[in-house]
1. Could we say that Val136 is assigned to a loop (DSSP other than H, G, I, E, B) and surrounded by fewer than 19 Cβ atoms within 10 Å (Cβ to Cβ) here?
2. In the range 124-133, what residues are of a type outside the set (Lys, Arg) and assigned to a helix (DSSP H, G or I)?
3. Taking the options Glu207, Glu175, name whichever one is in contact (Cβ under 8 Å) with a residue 60 or more places away in the chain, of a type in the set (D, E, K, R) and under 17 Å from Lys240 (Cβ atoms).
4. Would the range 78-94 turn up any residue that is of a type in the set (D, E, K, R), closer than 18 Å to Ser29 by Cβ and surrounded by 12 or more Cβ atoms within 10 Å (Cβ to Cβ)?
5. Do the conditions hold for Phe125, that is, is it in contact with an Asp or Glu (Cβ under 9 Å, 6 or more places away or on another chain) and among the aromatic types (Phe, Trp, Tyr)?
6. When you look at Ile249, is it surrounded by 13 or more Cβ atoms within 10 Å (Cβ to Cβ), at pLDDT 90 or above and in the same structural domain as Asn151 (by TED's automatic domain parsing), yes or no?
7. Kindly indicate which of Ser89, Ser42 is under 30 Å from the mean Cα position of the chain (by Cα) and without any contact (Cβ under 8 Å) to a residue 60 or more places away in the chain.
8. If I go through the range 232-259 residue by residue, how many of them are under 15 Å from Ala188 (Cα atoms) and without any contact (Cβ under 8 Å) to a residue 40 or more places away in the chain?
Amino acid sequence: MRIPDFDDKLVVVNIQTFKIYCDLVETESFTKAALVNGVTQSAVSQQITALEKQFDTLLIERCKKQFRLTREGEFVYEYAKQLTQTYDSLVHKLEEVRDVVGGTIRLATIYSIGLHVLPPFISKFMKQFSAVNVHVEYQRANQVYDDVLGNVVDMGMVAYPVKDSRLEIRILRDEPMALICHPTHTFAKSRSIHIEQISGQRFIGFESDIPTRKAIDRLLREKGIEIRMTMEFDNIETVKRAVEIDAGISIVPSTTIENELAKKSLVAIPLHGTEIARPLALIFKRNKVLSPAMKEFMAVLKSAIPVPERN
C-alpha cells in the first residue's frame with residue numbers, strides 16, 4: 001500500500017482540517033488553535049496549507065500586524081463551520097440513540113465559582129456519569145469569555161454575565177452576598193447593619209475590572225456611600241485573607257466564606273437597606289451543538305444541592 005503524500009488533497013483535508021481552520025479563525029492565533037486541538041503549530045499551518053491547496057486559493061492574508069481572512073477565506077469559514085456543526089450533531093445524535101453519555105467537558109470559570117460553588121455539582125454529576133471527564137480551568141472573567149468564544153473550552157461559568165450576540169447565557173441562580181469583617185471589628189457584634197453604616201470604612205475590594213467589583217461600586221454610588229478602598233485583589237481567597245488580618249471590611253459571595261465562619265476567623269453580618277446578590281450564569285457559543293454529556297451537566301447545574309446540616 002502506498003503511503004499518501006502531502007499532495008493527496010482528499011486524504012489530508014477532512015473534518016478535523018475544517019475544525020482546525022474554524023478554531024484558527026475564531027481565536028486568530030495559531031498557538032491557541034494548536035492548543036485547542038492538541039497538535040503543534042506546525043500541524044495547524046500544514047492543515048491550512050492543505051485547505052488552500054484543496055481550493056487553489058489563498059485563505060489567510062500573511063500579514064504580521066493582524067490576522068485577516070481573504071474574501072475566499074470568509075466563504076470557506078462559513079461553510080466549514082456548517083460542516084463541523086453538522087458532523088458534531090451527527091456524533092451527538094448517535095450518542096443519544098445509543099444512550100451514551102461520555103467524553104470530556106471543558107469548562108472555564110472564575111475562581112470563586114470554581115473553588116466554592118462548583119465542587120458539589122461536579123461530585124453529583126460524576127456519581128451519575130462516571131464515564132465523563134470534567135476538565136475545569138480557573139480564569140479571570142474576561143478570559144472565560146475569550147476561551148468560550150475561541151472554542152478553547154465548551155462552556156464557561158461567570159457572575160454578572162455580559163450580553164453578547166455570539167453567546168447563549170443561561171442564568172443558574174442568584175447568589176447572596178455578605179458583609180464580612182474581622183471578629184474584633186466594631187461591626188462584629190452587630191446583629192445587622194444598614195448599608196449606609198459602611199460609609200468611611202476601610203474596604204477590601206476586587207480589582208476594578210472584575211464584574212463583582214463593578215456591581216458593588218454601582219451599588220455604593222446609587223446609595224451615595226463613600227468607602228476607603230485600601231486593598232484590591234484579583235481573587236476571593238486573597239480578599240478574605242486581607243479581612244482576616246483586619247485590613248478592612250468587604251462584601252463577598254456567601255458561599256465563599258463557609259470555612260472561615262466555621263473557624264470563626266471572619267464574621268458575616270446581614271445588610272439592611274439593600275438586596276445584593278450576584279447572578280451566576282453558564283455561557284456557551286450560540287448555535288453550539290451540545291453533547292449528551294453537556295446537556296446532563298447543565299441539568300445538574302440547575303438542580304439544587306442539599307446543604308449539609310451543621311452540628
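The values are calculated or read from the model by the stated rules, or taken from the named source; none is laboratory data. Predicted model, so just to flag it, every value in this text is computed and none were measured. Don't worry about glycine lacking a Cβ; one is built from the backbone with ideal geometry, like all the others, and counts go over all protein chains shown.
1. Working: assigned to a loop (DSSP other than H, G, I, E, B): no; surrounded by fewer than 19 Cβ atoms within 10 Å (Cβ to Cβ): yes.
For Val136, the condition - assigned to a loop (DSSP other than H, G, I, E, B) and surrounded by fewer than 19 Cβ atoms within 10 Å (Cβ to Cβ) - is not met.
2. Pass one, the range 124-133, residues of a type outside the set (Lys, Arg): 125-126, 128-133.
Within the range 124-133, Phe125, Met126, Gln128 meet the criteria.
3. Working: Glu207 fails: in contact (Cβ under 8 Å) with a residue 60 or more places away in the chain.
Criteria check complete, one pass: Glu175.
4. Going residue by residue through the range 78-94, those that are of a type in the set (D, E, K, R) are 78, 81, 88, 93.
Restricting the remaining residues to those that are closer than 18 Å to Ser29 by Cβ gives 81.
Imposing the further condition that a residue be surrounded by 12 or more Cβ atoms within 10 Å (Cβ to Cβ) reduces the set to 81.
Yes: one or more hits.
5. Working: in contact with an Asp or Glu (Cβ under 9 Å, 6 or more places away or on another chain): yes; among the aromatic types (Phe, Trp, Tyr): yes.
For Phe125, the condition - in contact with an Asp or Glu (Cβ under 9 Å, 6 or more places away or on another chain) and among the aromatic types (Phe, Trp, Tyr) - is met.
6. On the way: surrounded by 13 or more Cβ atoms within 10 Å (Cβ to Cβ): yes; at pLDDT 90 or above: yes; in the same structural domain as Asn151 (by TED's automatic domain parsing): no.
Against the criterion (surrounded by 13 or more Cβ atoms within 10 Å (Cβ to Cβ), at pLDDT 90 or above and in the same structural domain as Asn151 (by TED's automatic domain parsing)), Ile249 does not qualify.
7. On the way: Ser89 fails: without any contact (Cβ under 8 Å) to a residue 60 or more places away in the chain.
Only one candidate passes the filter, namely Ser42.
8. Number of matching residues: 0.
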